[in-house]
1. Pull up the stretch 1-14, narrow it to residues that are in contact (Cβ under 8 Å) with a residue 40 or more places away in the chain and open to solvent by 30 Å² or more (accessible area, probe 1.4 Å), then point me to the one that is nearest to the chain's Cα centre (by Cα).
2. Filter the stretch 16-26 for residues that are open to solvent by less than 30 Å² (accessible area, probe 1.4 Å) and under 18 Å from the mean Cα position of the chain (by Cα); which is farthest from Gly196 (Cα to Cα)?
3. For the stretch 151-166, how many residues meet the condition of being of a type in the set (A, V, I, L, M), touching a residue at least 60 places away in the same chain (Cβ under 8 Å) and in contact with a helix residue (DSSP H, G or I) (Cβ under 8 Å, 6 or more places away or on another chain)?
4. So which residues in the stretch 167-203 are in contact (Cβ under 8 Å) with a residue 40 or more places away in the chain, of a type in the set (Lys, Arg) and out of contact with any helix residue (DSSP H, G or I) (no Cβ under 7 Å at 6 or more places or on another chain), if there are any at all?
5. Looking only at the stretch 73-88, how many residues end up being open to solvent by 20 Å² or more (accessible area, probe 1.4 Å) and in a loop (DSSP other than H, G, I, E, B)?
6. Restricting to the stretch 28-71, what's the tally of residues that are open to solvent by less than 20 Å² (accessible area, probe 1.4 Å), farther than 27 Å from Asp91 by Cβ and part of a loop (DSSP other than H, G, I, E, B)?
7. Are there any pairs, at least 6 apart or on different chains, whose C-beta atoms fall under 9 Å, with the first in the stretch 34-54 and over 15 Å from Tyr186 (Cα atoms) and the second of a type in the set (Ser, Thr, Tyr) and open to solvent by 20 Å² or more (accessible area, probe 1.4 Å), and if so, which?
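The values are calculated or read from the model by the stated rules, or taken from the named source; none is laboratory data. Please read these numbers as outputs of a predicted model, since none were measured by experiment. As a convention, Cβ positions derive from the backbone with ideal geometry for all residues, glycine included, and neighbour counts pool all protein chains shown. Note: areas computed on protein heavy atoms with side chains; ligands, DNA, RNA excluded. Shrake-Rupley method; radii C 1.70, N 1.55, O 1.52, S 1.80 Å.
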Amino acid sequence: MQVAIVKYNAGNIYSVVNALRRLGVEPLLTDDAQQLQQADRVIFPGQGEARGAMDYLRQRGLDQVIRNLRQPVLGICIGQQLLCRHSEEGDTDCIGVFDADVKRFQPTKHEDKVPCMGWNSLRFAQTNNEEFGMNNDTACPLFDGLGQEPYVYFVHSYYVPLCQDTAAVADYILSYSAAMHRDNFYACQFHPEKSGRVGERIISNFLELK
């Protein structure tokens, strides 16, 4: 299996490389359109600033390449946010796979700190289908075998509100999309590569998608 990681001007990519190596996978780190299109799996990770990241992707035509991928794709952290329609960070138009806009956390009391940083639990969104307007009650396969409310690691100042593509919910200041799923696109606001055995299982589940 060939796993490609999107190479662009974002940090934290090499922690994903190392997480894959621990699973016995040697990934390809690339910004080459053909290599991304031909890979069996594509991971779109990173930490960074939305406008600069989108400028890099657009200059190389990678925004269109990513939008049109047909194999399983996993966005992580800013990767999830850039797969959305628009981000408040730099008033940035993004790739538009998910029909949602990225918002900045607005503290409501003294103890609310931004960025949100640390461990938090997930609630799986299939229990709230009516709220999200979703039409099926199938759990996202990324979370197979995790049990109820597993803990994962977050670092972020911006969030995706609850929407039709929400696959898991976290609570910090408000409830938001901790993970998303639409067609062949999966995304996590948290960092599975920094989330211990839970995160390792999520990455393994992604690699095993049919």
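1. For the stretch 1-14, the residue satisfying everything is Asn12.
2. The extreme case among them is Val17.
3. Number of matching residues: 1.
4. Arg182, Arg201
5. 2
6. The total comes to 1.
7. What qualifies is Ala50/Tyr158.
Yes/no matrix, rows are residues, columns are (1) aromatic (Phe, Trp, Tyr); (2) under 15 Å from the mean Cα position of the chain (by Cα); (3) crowded, with 20+ Cβ neighbours inside 10 Å:
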| site | (1), (2), (3) |
| --- | --- |
| Tyr151 | yes, no, no |
| Tyr159 | yes, yes, yes |
| Thr166 | no, yes, yes |
| Leu174 | no, no, no |
| Ala178 | no, yes, yes |
| Asn184 | no, yes, no |
| Ala187 | no, yes, yes |
| Glu193 | no, yes, yes |
| Leu209 | no, no, no |
